[in-house]
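K.L.:
One structure, pasted below without further comment.
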Amino acid sequence: MLAEPVEIKAGTQTELVVDFDVENSFVMRGNTIDKNGLPIKPVVHASITNLALTHSRVRLANATDVKLTLLQNGTALPGSSDIAFGTSSGCNAVPVADPKLTVLQAGSTTPLPLTPTLVAGHPSTFVAFPGTGTAVNFETLANDFTATAGQAGLRVFNATSNTTAFDVFVTAPATPPPPLGTATFTNIAAGKASGFVSVPAGASQVRITNTGTTTSPIDLGNHTLAAGVNTTLIIAPPAA
């Protein structure tokens, strides 16, 4: 039994570490264990840390055509192994002071450095996307946003190398072809992200065009966005 109750605050993570002190938990009685036994008097220490004060929750989204693994201090984080193109890892809490994060490409033994600036209590998404040649670029996107009540949060990241930027239209399903009206996101250049905006929750039709035009859109079909949930649309070059 702990000497004091554990306080767990809503909307945060709390870490309880219980340490069994082996060295001080066994007491010699007499000169030999065989004759006198070895009584145990357990000594247990516990420490409580509110991770919101020291950690940030992170995950990795892969927009490259090679599977990636997100590691901390050389060990794969839970749910973060062999992340395929178009998918993302699980969310994990890492210390912001010294996260020791790296990314390993499938078929390689040389981890790629990942040195983001993290803020305790504020979640982030790392986007891996193609760089020059076989290089991999990383972008850190902060996930803090509170959508308008009853709506969903949405932003766009352009993971292509296109010289032309993109506009994104989020409309009600079955909206007729162009003209589409005013773009929800405009002029998203290569390697850049938009800010979050509030969009209607439920099913929405998502279409992409070159900036400044509503003709020949790429139709991504209908997507259901949940109220109060933040989503990132990543526009990526097709995997090989």
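K.L.:
Once you list every other residue whose beta carbon is under 12 Å from the beta carbon of residue 207, what net charge do they have if Lys and Arg are +1 and Asp and Glu are -1?
P.N.:
Summing Lys and Arg as +1 and Asp and Glu as -1 gives -2.
K.L.:
Is segment 171-210 rounded, prolate or oblate when judged by the Cα gyration tensor, a ≥ b ≥ c being the square roots of its eigenvalues, rounded requiring a/c under 1.5 and prolate requiring a/b larger than b/c? Spell out each step's value before the answer.
P.N.:
On the way: a/c = 2.46, a/b = 1.37, b/c = 1.80.
Cα axes put segment 171-210 in the oblate bin.
K.L.:
Give the Rg (one decimal place) followed by the Dmax (whole number) of segment 87-228, computed from C-alpha coordinates and expressed in Å.
P.N.:
When restricted to Cα atoms, segment 87-228 yields Rg and Dmax of 17.4, 51 Å.
K.L.:
Another question about this same structure. Once you have the Cα-Cα distance between residue 119 and residue 239, take 0.36 nm times their residue separation minus that, and quote the gain in nm to one decimal.
P.N.:
Details: separation 120, 0.36 × 120 = 43.20 nm, distance 3.22 nm.
Result: 40.0 nm gained on full extension.
K.L.:
Now for a separate question. For the peptides 132-138, 194-200, what is the packing order when you average, over each peptide's residues, the other Cβ atoms within 10 Å and list the highest mean first?
P.N.:
The most tightly packed comes first, giving 194-200, 132-138.
K.L.:
Alpha carbon centre of segment 163-184 versus segment 53-106: separation in Å?
P.N.:
Spelled out, the Cα-based centre of one part sits 33 Å from the other.
K.L.:
What net charge is computed for the residues neighbouring residue 169, neighbours being all others with C-beta under 15 Å from the C-beta of residue 169, Lys and Arg scored +1, Asp and Glu -1? Show your work: numbers first, answer last.
P.N.:
Working: positive: 155, 207; negative: 167, 219.
Here the count lands on 0.
K.L.:
If you add up the charges near residue 73, with Lys and Arg at +1 and Asp and Glu at -1, over every other residue whose beta carbon is less than 13 angstrom from its beta carbon, what do you get?
P.N.:
Result for the neighbourhood of residue 73: 0.
K.L.:
Could you tell me which trypsin sites (Lys or Arg not before Pro) in segment 149-239 are loop residues by DSSP with no more than 14 other beta carbons within 10 angstrom of their beta carbon?
P.N.:
192
K.L.:
I need the peptides 70-79, 165-174, 105-114 ranked by packing, meaning the mean over residues of other C-beta atoms within 10 angstrom, with the highest value on top.
P.N.:
Answer by packing, highest mean first, reads 165-174, 70-79, 105-114.
The numbers here are math on the coordinates, done by the rules we state, and not lab data. Values in this document were obtained by computation on a predicted structure and should not be read as measured data. As a convention, Cβ positions derive from the backbone with ideal geometry for all residues, glycine included, and neighbour counts pool all protein chains shown.
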